[in-house]
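Heads up: the structure comes next, in structure tokens.
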Amino acid sequence: MLRCKVLRAGNVIEIRDEATAFALIIAAMNQDDHCRAGSRRRGFLQSALAMAAMPLLPARAEAGALRIGLTPVFLDDQLSFLTRWRVWLERRLKRPVVFVQRGNYREVLDLIRGGKIDFAWICGYPYVRYRHELRLVAVPLWRGRPYYQSYLIVPDDDAKSNSLTDLRGKVFAYSDPDSNSGYLYPQYRLTASGENPSTFFSRHFFTWGHRKVVEAVGVGLADGGAVDGYVWETLAEFHPKLTGATRIIERSPEFGHPPFAARADIPELELQQFRATLLGMPADTEGAELLRLLRLDGFVAGQGSLFNEIARMAARVRRT
Amino acid sequence: MIALADISLGWKIPLRVMAAVLGTALAVTAALVTREYDEMSQNLEAHAKSLARVMANTLVAPMLHDDIWRAYEIIQSARDPAAIAPELQADVVLVTDLEYRVFVSSRPRMFPIGSSPASQGGAYGRLRAAMLEGKPTEQKVIDPADSSHYFVMSPLVADGVALGHVVLGYSKISFLPRFTGLVGRAALVTLLVLIVIMPIAWVSARRTGTPLLALADAMRHVPEELEVARLAELPKSRDEIGQLGDAFVRMVGELKQKQELESQMLVSERLAAVGRLSAGIAHEINNPLGGMLTAIKTWQRHGGDDPLASQTLSLLERGLDQIRHTVAALLVETKPEDRAFEPKDIDDLLILVEAEAHARSVHVVVESSLTTPLPLRATLLRQILLNLLLNAVAAAEQGGLVQLSAAAKDGKLKLAVCNDGQHIPDEQLAYLFEPFASGREKGHGLGLWIVYQIVQQLNGGLFVESEPGGCTTFNIEIPYVEPV
């Protein structure tokens, strides 16, 4: 990991030509891969170094800082927005806030389940799986309701496929194995129609992000993909070219929107404060602006029962 | 080629210099372009190989983990859509497994996951065979002649075990814009250099040719117009052309002398021939003439008193006498017994021409340095001078001037008679001394012929100078032997 850092620092001064630069970047990526594959015991060191590489976020884990894990259930790659949101949260909560991002849902889930972070914006699917190790904080309101859908998409130039079952033997892109919309729903959809999800497609792969599913399907790398409907619609506003290369062939029933969860041993006061802050966003000018950028209408406290349908699907898929 | 050989040096030298400059420029440009091309393609290949190697190393983990998306992101990161050097961009990146099936490609629509690149046909069908050749762990560069791409293949090796291949396909066409750009730049530089050098080369080449042209131009006037050739402006340098010019000037001078000599000889030969002819004729006429005159005299003395015959014979006698005088004039006969030429002879001559000069208001001036008698026959010299003076008075302008100068020096008597009348044209000069060649109405045309003959008999020399607007001068030189 230290070598990682050295290489990253090195490529600032050592880039002489494209080949060298590429070699350094590729090498850095390679190191990242190994790091990611590394044991969780090095989690703390990893996060510290990862944050060092992200100058927009606080350089150190400050004592008493509120640590919030983020996953690609929203467009989590907009760093300027994240900075604005963090600053707003710090002002409202009157304490430092640290956003913690990881390459996949699993690592964030591991962090919150292990109590390494306080809150996390996760998917409904892992929430129902670990609901006894987590506490529900708030559920976003999208188009006025705490629900969202999974979209099944195909490349825009594929005019023949009209349902998931048309994609038999094709290459399919999932977003994350811990995503409801990007994994569980298509798995359930195949299982429910009597197919074996593990053999239905000739190949499948994970892109570790909804946005990248749209990209993979758009360029034709995958013949189909499953994506968070809220992310797809938001992306359609910010990057219409990306979504324009895809076509929605199926929309799932409504599921509970990916919620904010807290670690199980969160002090009640902290949970209440954070929930109140989220719920109070629409009432604040800057909060409302941040919500507008998220294309959300606000948050509600929400009930665990919102995710019953996801739990049912998970149980069904697990049984097979 | 003959037409080319006939071109004037004034053009040929500059054209050759231009051709040499152009040829050199083109050769240098071509050499530079070729070198640059080689370097470029070598760079390209080295770049492609190192890129393929880095990719192969990087793609091992995604391939082992079956992480298609990460592999796709890696191969995409090697492509920059707004690259400065598009020819360094791989057009196609293929990652294939051991069965030569696509694991991932930069063009998923063309090479879908799991398909065989061979289904694209063409060069892709032959890549497999190339992969199996040689050592499985070494890089290969394949440049199929029938393909618009060339390929760099790097094996994916993990712990000595082959997993598949990374194939980078580079467009041969994308190489062209950079190369044509290079050629264009080289051509532009060459053009700029030529724009600077060409006029200089042209002017200096023209300058090299100019003396030769001047020489050739002067030579064209030989031998017809030697004077023009002699006055032509020729190079005044010390190099070969300058030497040539000097030699030419010398040659023209000698030619001119020779020409003058020839024309003089021609005149004297003709006069000599005329002299021989007239002497012969005079001799042939004199013999019967003498007889006829004697016969007439005899008849007058002893004949009858026939008045008609006397009258007729008298007529004959006058006629024959005239013939005798004419012939005598043609054939100047010298009499050996004569007195020496004295300075007072000149005074006598002045008296003789005075009447004529007075009639035409011509002023006669004498410049004589003679003080003593000269051992030359007075009669002949008086004849010469009288003829020349009378001619000069007749030729001089009304109220003009005739000048006679006489001097004796180094055994030569020098006489010169000049008048300020109209000059004698060149074509007339050649025949001036021939009998009956006179252009004048008066006189019998034998005056100068007699002068010539006498001078010849006295072994003297005679020449005439006549310039337009100047004097016409008859110069005579007669050698004499000083009495010891």
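Give the residue that is surrounded by the most Cβ atoms within 10 Å (Cβ to Cβ), with candidates limited to residues of region A:207-241 that are in contact with a strand residue (DSSP E or B) (Cβ under 9 Å, 6 or more places away or on another chain) and more than 21 Å from A:Asn104 (Cα to Cα). Selected residue: A:Asp223.
Look at A:Asp166 and say whether it is part of a loop (DSSP other than H, G, I, E, B), open to solvent by 20 Å² or more (accessible area, probe 1.4 Å), acidic (Asp, Glu) and under 28 Å from A:Val219 (Cβ atoms). No, not satisfied. Out of the residues in region A:120-138 meeting the condition of being crowded, with 19+ Cβ neighbours inside 10 Å and of a type in the set (Phe, Trp, Tyr), tell me which one is farthest from the other protein chains (Cβ to nearest Cβ). Applying the filter and picking the extreme gives A:Tyr127.
Among the residues making up region B:221-257, those that are open to solvent by 40 Å² or more (accessible area, probe 1.4 Å) and under 19 Å from B:Thr208 (Cβ atoms) are B:Glu233, B:Lys236, B:Ser237, B:Arg238, B:Asp239, B:Glu240, B:Gln243, B:Leu244, B:Asp246. Here B:Leu22 does not fit the description of being within 30 Å of B:Leu215 (Cα to Cα), loosely packed, with under 13 Cβ neighbours inside 10 Å and either among the aromatic types (Phe, Trp, Tyr) or within 60 Å of the chain's Cα centre (by Cα) (or both). Within region B:279-334, the only residue that satisfies the criterion of being of a type in the set (Lys, Arg) and touching a helix residue (DSSP H, G or I) at 6+ places or on another chain (Cβ under 7 Å) is B:Arg324. Annotation: A:His204 fulfils all but one of (1) surrounded by fewer than 24 Cβ atoms within 10 Å (Cβ to Cβ); (2) within 22 Å of the chain's Cα centre (by Cα); (3) more than 12 Å from chain B (Cβ to nearest Cβ); the unmet one is (3).
For A:Arg92, the stated conditions do not hold, so it cannot be described as in the same structural domain as A:Glu289 (by TED's automatic domain parsing), of a type in the set (Lys, Arg) and more than 24 Å from A:Glu289 (Cβ to Cβ). Here B:Tyr100 fulfils each of the conditions (1) more than 14 Å from chain A (Cβ to nearest Cβ); (2) surrounded by fewer than 18 Cβ atoms within 10 Å (Cβ to Cβ); (3) of a type outside the set (A, V, I, L, M) apart from (2). Sub-7 Å Cβ pairs linking a first residue in region A:92-114 that is charged (D, E, K, R) to a second residue that is open to solvent by 20 Å² or more (accessible area, probe 1.4 Å) and not in a loop (DSSP other than H, G, I, E, B), at least 6 apart or interchain, are A:Asp110/A:Arg40, ordered by first then second residue. Annotation for region B:341-356: no member residue is assigned by TED's automatic domain parsing to the domain that holds B:Leu413, in contact with a Gly (Cβ under 8 Å, 6 or more places away or on another chain), farther than 27 Å from B:Glu434 by Cβ and modelled with pLDDT of 85 or more. Might you check whether a residue that is facing chain A (nearest Cβ under 10 Å), among the hydrophobic types (A, V, I, L, M, F, W, C) and open to solvent by less than 30 Å² (accessible area, probe 1.4 Å) occurs anywhere in region B:32-39? For region B:32-39, residues facing chain A (nearest Cβ under 10 Å), among the hydrophobic types (A, V, I, L, M, F, W, C) and open to solvent by less than 30 Å² (accessible area, probe 1.4 Å): absent.
Looking at region B:47-69, is at least one residue touching a Gly at 6+ places or on another chain (Cβ under 9 Å), within 10 Å of chain A (Cβ to nearest Cβ), under 20 Å from B:Met131 (Cβ atoms) and open to solvent by less than 30 Å² (accessible area, probe 1.4 Å)? Scanning region B:47-69 turns up at least one residue that is touching a Gly at 6+ places or on another chain (Cβ under 9 Å), within 10 Å of chain A (Cβ to nearest Cβ), under 20 Å from B:Met131 (Cβ atoms) and open to solvent by less than 30 Å² (accessible area, probe 1.4 Å). The C-beta contact set for region B:412-424 (first residue free of Cβ contacts under 8 Å to residues at least 24 places away in the same chain, second residue open to solvent by less than 60 Å² (accessible area, probe 1.4 Å), distance under 8 angstrom, 6+ apart or interchain) is empty. For the condition of a type in the set (Ser, Thr, Tyr), in contact with a strand residue (DSSP E or B) (Cβ under 6 Å, 6 or more places away or on another chain) and either buried (at least 17 other Cβ atoms within 10 Å of the Cβ) or closer than 23 Å to B:Tyr72 by Cβ (or both), A:Tyr174 qualifies.
Of everything in region A:177-190, what is away from every other protein chain (no Cβ under 14 Å) and open to solvent by 10 Å² or more (accessible area, probe 1.4 Å)? Give them in sequence order. The answer is A:Tyr185, A:Gln187, A:Tyr188, A:Arg189. Considering region B:77-92, the residues that are over 19 Å from B:Gly181 (Cβ atoms) and facing chain A (nearest Cβ under 9 Å) include one that is modelled with the highest pLDDT, namely B:Ser77.
Across region A:97-108, the number of residues qualifying as within 12 Å of A:Leu70 (Cβ to Cβ) and assigned to a helix (DSSP H, G or I) comes to 3.
Yes/no matrix, rows are residues, columns are (1) in the same structural domain as A:Arg211 (by TED's automatic domain parsing); (2) within 27 Å of A:Gly224 (Cα to Cα); (3) of a type outside the set (Ser, Thr, Tyr):
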residue: A:Leu75; (1), (2), (3): no, yes, yes
residue: A:Val97; (1), (2), (3): no, no, yes
residue: A:Val108; (1), (2), (3): no, yes, yes
residue: A:Trp121; (1), (2), (3): no, yes, yes
residue: A:Pro155; (1), (2), (3): yes, yes, yes
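Among the residues of region A:139-160, are any open to solvent by 10 Å² or more (accessible area, probe 1.4 Å), of a type in the set (A, V, I, L, M, F, W, C), outside any helix (DSSP H, G or I) and within 19 Å of A:Glu254 (Cα to Cα)? Checked against the condition, which is being open to solvent by 10 Å² or more (accessible area, probe 1.4 Å), of a type in the set (A, V, I, L, M, F, W, C), outside any helix (DSSP H, G or I) and within 19 Å of A:Glu254 (Cα to Cα), region A:139-160 yields at least one hit.
The values are calculated or read from the model by the stated rules, or taken from the named source; none is laboratory data. The structure presented is a predicted model; accordingly, all values stated were derived computationally and were not measured. When we count neighbours, we look across all protein chains shown, and the Cβ atoms used for this are built from the backbone with ideal geometry, even at glycine. What goes into the accessible areas is simple: the full protein's heavy atoms, side chains included, and nothing from ligands, DNA or RNA. Shrake-Rupley method; radii C 1.70, N 1.55, O 1.52, S 1.80 Å.
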